[in-house]
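Participant: Dumping the structure here so I can ask a few things about it.
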């Protein structure tokens, strides 16, 4: 079932202009179509299960979930990137990045089964391959072995910086990056992390700031690498 868009709202046009304002690479037509389908499925499923905030407008969904997720793409470089998205929820940011660039290898970890059903449905609908959707927590060694070859690990809102780096540490390997997606209080979390013993496991690498085009909300991608 295709959900109706709000009167006067054009998802693809908003996607294009949003990427341009954020300085993100333009998406090809096939990627735009996949993301539009994802958006429509998200709205349809959200009528039955809790995936996004109730009452969110089409513009808010586009900005806070799709454009926000796409800011991660410029950091997913290297040879054959493999992204681990912890606590993916409705697929943000990992599944959005995969829909935009289907060559990205992706592992989604989400313990809530209704959301797992949604993620798998979107993956099938968009005909995405090289994608694992795991119904577990990140601590599950059996389903998520420590020696998995992740090149990047991220999460949008699982926990504060220190705890997220701690839970990512068992996957640490040379060249891997942990990307924390944070709001304006990122410096407070970074300072708190520096004052703990866990700071010996990672080193601060970089920060990239974005300002979302409609809400003017600040987003920071804070990158760490294993010591």
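Participant: Among the numbered criteria (1) at pLDDT 95 or above; (2) surrounded by 15 or more Cβ atoms within 10 Å (Cβ to Cβ), which one does residue 167 miss?
Facilitator: The number of the failed condition is (1).
Participant: Only one of 79, 85 is outside any helix (DSSP H, G or I) and surrounded by fewer than 20 Cβ atoms within 10 Å (Cβ to Cβ); which?
Facilitator: Being outside any helix (DSSP H, G or I) and surrounded by fewer than 20 Cβ atoms within 10 Å (Cβ to Cβ) holds for just one of 79, 85, which is 79.
Participant: Considering only residues that are touching a residue at least 60 places away in the same chain (Cβ under 8 Å), closer than 21 Å to residue 212 by Cα, assigned to a loop (DSSP other than H, G, I, E, B) and in contact with a strand residue (DSSP E or B) (Cβ under 7 Å, 6 or more places away or on another chain), which ones fall in segment 142-192?
Facilitator: 156, 158
Participant: Can you confirm whether residue 120 is modelled with pLDDT of 95 or more, surrounded by fewer than 18 Cβ atoms within 10 Å (Cβ to Cβ), more than 18 Å from the chain's Cα centre (by Cα) and outside any loop (DSSP other than H, G, I, E, B)?
Facilitator: no
Participant: Please pick out the residue among 184, 145 that is farther than 18 Å from residue 77 by Cα, at pLDDT 95 or above and either out of contact with any helix residue (DSSP H, G or I) (no Cβ under 6 Å at 6 or more places or on another chain) or surrounded by fewer than 19 Cβ atoms within 10 Å (Cβ to Cβ) (or both).
Facilitator: Within the list 184, 145, the selection yields 145.
Participant: Starting from residues that are touching a helix residue (DSSP H, G or I) at 6+ places or on another chain (Cβ under 6 Å) and in a loop (DSSP other than H, G, I, E, B), keep the ones in segment 129-141 and report whichever is modelled with the lowest pLDDT.
Facilitator: Going through segment 129-141, the residues touching a helix residue (DSSP H, G or I) at 6+ places or on another chain (Cβ under 6 Å) turn out to be 131, 133, 135, 138.
Those still in the list that are in a loop (DSSP other than H, G, I, E, B) too: 135, 138.
Working: 135: 97, 138: 94.
Step by step, filter segment 129-141, then rank; the result is 138.
Participant: Additional query: For residue 49, only one of the following conditions fails: (1) in contact (Cβ under 8 Å) with a residue 40 or more places away in the chain; (2) in contact with a helix residue (DSSP H, G or I) (Cβ under 6 Å, 6 or more places away or on another chain); (3) buried (at least 16 other Cβ atoms within 10 Å of the Cβ). What is its number?
Facilitator: Every condition holds for residue 49 apart from (3).
Participant: May I pose another question? Of the residues 219, 207, which single one is under 21 Å from the mean Cα position of the chain (by Cα) and either under 20 Å from residue 151 (Cα atoms) or not in a strand (DSSP E or B) (or both)?
Facilitator: Details: 219 fails: either under 20 Å from residue 151 (Cα atoms) or not in a strand (DSSP E or B) (or both).
Result: 207 is the single residue among 219, 207 that is under 21 Å from the mean Cα position of the chain (by Cα) and either under 20 Å from residue 151 (Cα atoms) or not in a strand (DSSP E or B) (or both).
Participant: If residue 132 satisfies all but one of (1) under 25 Å from residue 221 (Cβ atoms); (2) touching a residue at least 40 places away in the same chain (Cβ under 8 Å), what's the number of the condition it fails?
Facilitator: Residue 132 satisfies all of (1) under 25 Å from residue 221 (Cβ atoms); (2) touching a residue at least 40 places away in the same chain (Cβ under 8 Å) except (2).
Participant: Going by the conditions given, is residue 68 at pLDDT 95 or above, part of a helix (DSSP H, G or I), in contact with a strand residue (DSSP E or B) (Cβ under 7 Å, 6 or more places away or on another chain) and crowded, with 21+ Cβ neighbours inside 10 Å? Break it down stepwise before answering.
Facilitator: Numbers: at pLDDT 95 or above: yes; part of a helix (DSSP H, G or I): yes; in contact with a strand residue (DSSP E or B) (Cβ under 7 Å, 6 or more places away or on another chain): yes; crowded, with 21+ Cβ neighbours inside 10 Å: yes.
Yes: the conditions hold for residue 68.
The values are calculated or read from the model by the stated rules, or taken from the named source; none is laboratory data. Predicted model, so just to flag it, every value in this text is computed and none were measured. We place every Cβ from the backbone using ideal geometry, glycine too, and count neighbours over all the protein chains shown.
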